[in-house]
Every structure is written in C-alpha cells, then in structure tokens.
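The numbers here are math on the coordinates, done by the rules we state, and not lab data. Computed from a prediction, not measured in an experiment: that's the story for all the values here. Positions of Cβ are generated from backbone atoms using ideal geometry, with glycine treated the same way; all protein chains shown enter the neighbour counts.
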Amino acid sequence: MSEPQNPGSPGATPPSAPAGLDAVALGRLRELDPDGRHGVLQRVLTAFETSLSRMLVQLAAEREGGNAAVVAGVAHTLKSSSASVGALELARACAEVEHRLRTGEPGSLGGDIERLTLAGESALATVRAMLRP
C-alpha cells in the first residue's frame, strides 16, 4: 500500500480545480513551486486577473461600432494566458473568435464580443474566488 502524497509534492495528483478551471493546467503551475513558498500560483492568477479585467474593459469599449482588429488582438492576448491558468472555455472562445476575425469568416462582431465577455467574466469570477476564498 502506498503512502498518500502531499498535494504540493512532485508527482502528487493536483487537488481538484474549482469549476471553470482545468485541474491539469493548475497542477502544472503548482509544479513550478511545489511547496508554495514562492507564491507562483498566486502571482500568476493575480497577473491573469489584472490582465483579464483590463481586456474586459477594452471589449466593452468595442461594443459600439467595434473594431474587429482590436477584438482579434484582445482574443489573441487572452488565448494563451487563459489556457495557462486553465480557463479553457475562454481560451477556446478566444481561439475561435481570433481565427474568424483574422480570416474574415462571416459572423457577428457583436456576437464575438459578447462571447468573449461572457467567457471572460466567468473565468474572472472563478479566479477571484480562488484568490479570495
């Protein structure tokens, strides 16, 4: 019978992630600072919260007569950062919106902004819940 592993120890199964964030992605971040001494997860989530909040304001500004290049830029910026913290729904929405806007596929810019905003607000609420339990 094996001994239970400390959740912060290498090789340990990461604790379950809150709804909306991927446990595997959070586990990868925890592996960078296994004992939590350096606060890597906290710092990454705080930086993501700040960036996402700023990008949501930028998206809101594009609701009236939006600029597709700006929205595509926001989607591009958020795509990898949201994936790295496990906000996979937001990462997927960003990838799809960015692709559509950059390739000129037909669609609704307003719908794209709404989709990114809803996914972003959901991710933001989850991250805030983790940072301020």
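Structure values in brief
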| read-out | value |
| --- | --- |
| ³J(HN,Hα), Karplus 6.51/-1.76/1.60, whole Hz, each residue of the range 71-81, x for Gly, Pro | 4, 4, x, 4, 4, 4, 4, 7, 4, 6, 5 |
| Spin-label pair GLU105/ALA129, simplified geometry with 7 Å Cα→Cβ offset, distance in nm | 3.0 nm |
| Size of electric dipole in the chain: Cβ of Lys, Arg +1 and of Asp, Glu -1, about Cα centre, debye, nearest 20 | 220 debye |
| In order through the range 83-94: 3J(HN,Hα) via Karplus (6.51 cos²θ - 1.76 cosθ + 1.60), integer Hz, x for Gly, Pro | 5, 5, 9, x, 7, 5, 5, 5, 4, 5, 4, 4 |
| Residue with peak Gaussian network fluctuation, the chain [Cα springs, cutoff 10 Å], from GLY27, GLY104, GLY66 | GLY104 |
| Answer label for log10 I(q)/I(0) by the Debye sum over Cα atoms at q = 0.16, 0.17, 0.23 Å⁻¹ (calculated), chosen among [x] -0.99, -1.07, -1.37; [y] -0.87, -0.95, -1.51; [z] -0.78, -0.85, -1.30 | [z] |
| Whole-Hz couplings from phi, Karplus 6.51/-1.76/1.60, listed for the range 37-52; x for Gly and Pro | 4, 9, x, 4, 4, 4, 5, 5, 5, 5, 5, 5, 4, 5, 5, 5 |
